[in-house]
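K.L.:
Structure provided below as structure tokens; questions to follow.
The values are calculated or read from the model by the stated rules, or taken from the named source; none is laboratory data. What you see is a predicted model, and the numbers here were worked out from it, not measured in a lab. Neighbour counts are summed over all protein chains in view; Cβ atoms, including those assigned to glycine, are modelled from backbone coordinates with ideal geometry. Just the protein is used for accessible areas: all its heavy atoms, side chains included, with ligands, DNA and RNA removed. Shrake-Rupley method; radii C 1.70, N 1.55, O 1.52, S 1.80 Å.
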Amino acid sequence: MCGIFGSITLKKNFKIDKRLFLNSLALISHRGPDDEGYFINDKIAFGHKRLSIIDLSKRGHQPMFSHNKSSLITYNGEIYNFKDLKRDLKFKGYKFKNKTDTEVLLNGLIDQGPNFITKCNGMFAFAFYNKNTKISYIFRDRIGIKPLFYSIDNNQISFSSNLKAISTFTKNHNILDQESISSYFSFRQPLGNKTYFKKIHSLEPGHYIEIRNNKIKIKKYWDHKKFFLQNKIDKGEEFYNQKLSNLVESSVKYRLISDVKVASLLSGGLDSTIIAAIINKQIRKNFLAYSIGYSYKDYNEFRYSKLVAKKLNMHHSVISTTAENYFDDMDKLIQLRGSPLTIPNEASQFKLCNEIKKKATVVLSGSGSDELFCGYGRIFGSVEDFKNIKNLDYFKKKSEKIKFIKNMKKRYGKTSFKSITEHFLSLYSYTDENIKKKILHKDINQKKINLNIYDFFSKIFEDKYFDNYLDRMQYFFQKYHLKGILEREDMSSMASAVELRVPFLDHRIIEFAATIPNKYKTKVIRKQLELTSDKSSEVNDITKYILRKAFENEIPKQILDRKKIGFPVPLHTWMSQKKIKDRIYETLLSSKSKNRGILDTNYLKKLLSRNDISSFSGSSKVYQSSSAHKIWMCFNLEKFFLNNE
């Protein structure tokens, strides 16, 4: 919906550099091109860039004051059930001057404080200030759909939708965090509340910051961990089918609420097709749908997206891009978001949203269902690998046992793990540790960093709250992995002034999904004990089974029976082009890169000279470990460093 930026002080007689504040606010202009505003006094400085979605009139201007001018809010997001909440507040005597959800949120906070958020269904990041009580709140939504960054320094807390606004506004806050850079190569994002800057943090989903009596406290207001305890109680497949269907349809209906044009992303996969089918059922008109891909074989799903669009009578647009346009978009997006991209297709989604913006301002995405319903079969199925290698007596046939041990060695490079954490990290890390040591400069203390990383994961995977590995894994993907996906979707869409909504991540669906017994998420057709999950899942499992069953009568069978595929970018082909090669060489082997002391330019030179850069065949795992992908990651990071100077 918008971009927010501001600062709150614990000092008296707060004086702000207004020019610096407005210059920093201008860095998030792309998030809100329709209106802008700010308010500064001796306690707070609140700024806002508006993307108008609900009530397009000037009455939706922010920062927004309450009726009696006692409270103020700067807000990014949507409260989808705002009309219901508004009725309740009107009954209590609250007055409303506009039709926005912003004013509903503002009055709700005045009435009930942080407890009001438990009634809100939506995505949000906002700062609220009450002049009478001198209490402030900075909130982020339950699952992290909307970004919120902050820094605390010299009795002052600054916050923003964007890292660059804070790093520009606050002195000495652009110092790079080496642990986060290492995490980028392993996990494509910093861990927990870390960012790429030492002194700037990401407010964790389901948390808020309270500033009261000159003290700053970070508090948790939501966590769905407790709902996993209910998945031991089996209420029957039909119960879960029906309730899931009702919840997803309700969620889509909420996310179609808008005063501007709405479109839908359509990859041709299961998740986006379900969203499209529900839209078609609820609206029954020529709805806008968009797909992106590349002209090369195996680099698009146009055959499937066109099939769905035709069946559902959608107005379908297919977008593609060239190598030079891709790298131009990549440069621009890194500059706008103020941090590295996470995966190559993020620049492509930026391109797609630029096209969507020509006709619509809101788009619905199918993101989130893989994390909720065990859609990553090779990963979630690996729980069985760990269980079986720990208990080889489970094998009745000696031949099966021998084959299984051989397959374990082939997949993991080992046949024993000292802990669940070690097993999970062997799967989840995108870059081999030995390769990462070569990529990063020798002066970076990788040993210490890896100990910190292991400690972070062990707190999650050795958590005694859960009684099984699979629930822990699901919780991790929903609580931590999703955050990176959602941040890149927000950044790539809002860079084009397009609001992206995610129906599967309605908190009601997240909570309900945790209660579904795991046997309904992955249906095992047959067991081949000698196979590890990377081989077995493809042929023996039906992933996201309960989701498929809930909507089997709504979507084409060709889509229902499809296996999940990734969204690769033809980096290998593009890197064979001289212009692209030169672009990468000039960036990675520059004197600035060498003098920075983060990437080992001698190793990069060897990597760039390899013959396999412009060739690739194999699975997504092979793609991620390929030379071209490693070069892309380094190029991406160096572009961020240059932008941060």
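K.L.:
Of all the accessible heavy-atom surface of the chain, with the other protein chains kept in place and a 1.4 Å probe, what percent is carbon and sulfur?
P.N.:
48 percent
K.L.:
Percentage of Cα-Cα pair distances in the range 25-138 greater than 26 Å, rounded to whole percent?
P.N.:
Of all Cα-Cα pairs in the range 25-138, 13 percent lie more than 26 Å apart.
K.L.:
Mind jotting down the distance between the C-alpha centroids of the range 383-425 and the range 63-112, whole Å?
P.N.:
Distance between centres, Cα-based: 56 Å.
K.L.:
Using Cα positions and a limit of under 17 Å, work out the aspartates and glutamates in reach of K171, with same-chain residues fewer than 8 apart set aside.
P.N.:
Reachable aspartates and glutamates: D17, D153, E645.
K.L.:
Charges at C-beta only: +1 for Lys and Arg, -1 for Asp and Glu. How large is the resulting dipole of the range 180-329 about its Cα centre, in Debye rounded to 20?
P.N.:
620 debye
K.L.:
Here's something else I'd like to know. Against the empirical 2.2 N^0.38 Å scaling, what ratio does the C-alpha Rg of the range 92-195 come to?
P.N.:
Against the empirical 2.2 N^0.38 Å value, I get 1.32 for the range 92-195.
K.L.:
With a 1.4 Å probe and every protein chain left in place, work out the accessible area per residue of the chain in Å², rounded to a whole number.
P.N.:
Result: 42 Å² of accessible area for each residue.
K.L.:
Moving to a separate point now. What is the gain in length, in nm to one decimal, between K578 and N41 on full extension, counting 0.36 nm per residue of separation less the C-alpha to C-alpha distance?
P.N.:
Computed gain between K578 and N41 is 187.8 nm.
K.L.:
Roughly speaking, what is the centre-to-centre gap between the range 206-248 and the range 548-569 when only Cα atoms are used, to the nearest Å?
P.N.:
After rounding, the separation between the Cα centres reads 27 Å.
K.L.:
Where the only charges are on Cβ atoms (+1 Lys, Arg; -1 Asp, Glu), what is the dipole of the chain about its Cα centre, to the nearest 20 debye?
P.N.:
Computed charge dipole of the chain: roughly 420 debye.
K.L.:
Hey, can you rank 77-83, 346-352, 174-180 by average C-beta count inside 10 Å, highest first?
P.N.:
346-352, 77-83, 174-180
K.L.:
Once you list every other residue whose beta carbon is under 13 Å from the beta carbon of Y129, what net charge do they have if Lys and Arg are +1 and Asp and Glu are -1?
P.N.:
Taking every Cβ under 13 Å from that of Y129, the sum is +3.
K.L.:
Mind checking the full-extension length gain between K332 and F239? Use 0.36 nm per residue of separation minus the Cα-Cα distance, one decimal, nm.
P.N.:
Additional length available on full extension: 28.7 nm.
K.L.:
Using a simple charge model, +1 on the beta-carbon of Lys and Arg, -1 on the beta-carbon of Asp and Glu, nothing else, what dipole does the range 1-110 show about its Cα centre, in debye to the nearest 20?
P.N.:
Dipole of the range 1-110, to the nearest 20 debye: 400 debye.
K.L.:
OK, next. With the convex hull built on the Cα atoms of the range 167-252, state its orientation-averaged projected area in nm².
P.N.:
10.4 nm²
K.L.:
Given a Förster distance of 35 angstrom, what is the FRET efficiency for S429 paired with S295, based on the Cβ-Cβ distance and rounded to 0.05?
P.N.:
0.60
K.L.:
Okay, next question. Using a Förster distance of 25 angstrom, determine the FRET efficiency expected from the C-beta separation of D111 and N213, and round it to 0.05.
P.N.:
0.70
K.L.:
Could you tell me which of L109, I274, L560 has its Cα farthest along the dipole of the chain towards the positive end, charges placed at Cβ (Lys, Arg +1; Asp, Glu -1), taken about the Cα centre?
P.N.:
Ranked along the dipole, the leading option is L109.
K.L.:
Under 15 Å from a point 7 Å along the Cα-to-Cβ line of L560: which residues of the range 482-526 have their amide N that close?
P.N.:
Under cut-off, by backbone N: nothing.
K.L.:
Shifting gears a bit: Distance cut-off 32 Å, Cα to Cα: go down the list K232/K535; K83/K146; K99/K306; K146/K359 and report the pairs above it.
P.N.:
Those over the limit are K99/K306.
K.L.:
Next question. What whole-number volume per residue, in cubic angstrom, does the convex hull of the C-alpha atoms of the range 405-484 give?
P.N.:
Convex hull of Cα atoms, per residue: 120 Å³.
K.L.:
Which whole-number value in Å³ per residue fits the convex hull of the alpha carbons of the range 314-449?
P.N.:
It comes to 218 Å³ per residue, whole-number rounded.
K.L.:
Averaged over every viewing direction, what's the projected area of the C-alpha convex hull for the range 113-258? Give it in nm², one decimal, please.
P.N.:
Projected area, direction-averaged: 12.5 nm².
K.L.:
Right, another one. Given a Förster distance of 35 angstrom, what is the FRET efficiency for N132 paired with N81, based on the Cβ-Cβ distance and rounded to 0.05?
P.N.:
0.80
K.L.:
Run the Debye formula on the Cα coordinates of the chain, all scatterers equal and no solvent, and tell me log10 I(q)/I(0) at q = 0.05, 0.08 1/Å.
P.N.:
-0.22, -0.60
K.L.:
Starting from the Cα gyration tensor of the range 490-645, multiply each eigenvalue by 5, take the square root, and state the resulting semi-axes largest first in whole Å.
P.N.:
Taking √(5λ) for each eigenvalue gives 40, 22, 15 Å, largest first.
K.L.:
Find how much the distance from L451 to L589 grows on full extension, using 0.36 nm per residue of separation minus their present alpha carbon separation; answer in nm with one decimal.
P.N.:
Taking L451 through L589 to full extension adds about 46.6 nm, to one decimal.
K.L.:
May I have the pair-distance distribution P(r) for the range 509-587, computed from all Cα-Cα distances with 10 Å bins from 0 and rounded to whole percent?
P.N.:
14, 29, 24, 14, 17, 2
K.L.:
How many angstrom lie between the C-alpha centres of the range 453-531 and the range 325-365?
P.N.:
Here the two parts' Cα centres lie 24 Å apart.
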